[in-house]
Amino acid sequence: MGLTLTREIARYYSLPVNGGVLVTRIAEDSPAEQADMAEGDIILEINKIETNKIEDLVNEIQKRKIDDVVRILALRNGKEHFFDLKLSEAPLSTVC
């Protein structure tokens, strides 16, 4: 799960950016967990497409199908990291 990173949220948490998607929770057995993403990561891009809000991320994922691989650029502790996520069906815990 994620949250659109606004200036106010970035300032409150002393984050180095004013946009993107703040990862707030990683579902067990999800593509994000399997790719080693973590809570607190800030997603900046998906497949080289800028991600300024949660809707940007969701729209790009919805354009793809199960088993597609997407490349995520995220900040972790102020450093850029790339994560390759193989898309799957949403874990039951995120649906219920």
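The values are calculated or read from the model by the stated rules, or taken from the named source; none is laboratory data. Only a predicted model underlies this, so the values are computations on that prediction, with no experimental measurement involved. All Cβ positions, glycine included, derive from the backbone under ideal geometry; neighbour counts span all protein chains shown.
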Next item on the list: Scan region 26-58 residue by residue and report those that are modelled with pLDDT under 95 and among the basic types (Lys, Arg).
Entry: LYS53
Next item on the list: Can you work out which of the residues in region 61-75 that are modelled with pLDDT under 95 and outside any loop (DSSP other than H, G, I, E, B) is nearest to MET1 (Cα to Cα)?
Entry: ILE61
Notebook entry, point to check: Tell me, which strands (runs of 3 or more DSSP E) lie completely within region 1-55 with 3 or more residues that are within 14 Å of GLU80 (Cα to Cα) and not acidic (Asp, Glu)?
Noted result: 42-46
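Which residues, counting only those in region 36-50, are within 11 Å of the chain's Cα centre (by Cα) and over 19 Å from ARG11 (Cα atoms)?
MET37, ALA38, GLU45, ILE46 - these are the residues of region 36-50 that are within 11 Å of the chain's Cα centre (by Cα) and over 19 Å from ARG11 (Cα atoms).
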Notebook entry, point to check: Just for region 35-53: of the residues that are in contact with a Gly (Cβ under 8 Å, 6 or more places away or on another chain) and of a type in the set (A, V, I, L, M), which one is nearest to LYS79 (Cα to Cα)?
Noted result: ILE42
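In this structure, does LYS48 turn out to be of a type outside the set (A, V, I, L, M, F, W, C) and touching a helix residue (DSSP H, G or I) at 6+ places or on another chain (Cβ under 6 Å)?
On the way: of a type outside the set (A, V, I, L, M, F, W, C): yes; touching a helix residue (DSSP H, G or I) at 6+ places or on another chain (Cβ under 6 Å): no.
Considered against the rule, which asks whether it is of a type outside the set (A, V, I, L, M, F, W, C) and touching a helix residue (DSSP H, G or I) at 6+ places or on another chain (Cβ under 6 Å), LYS48 comes out as no.
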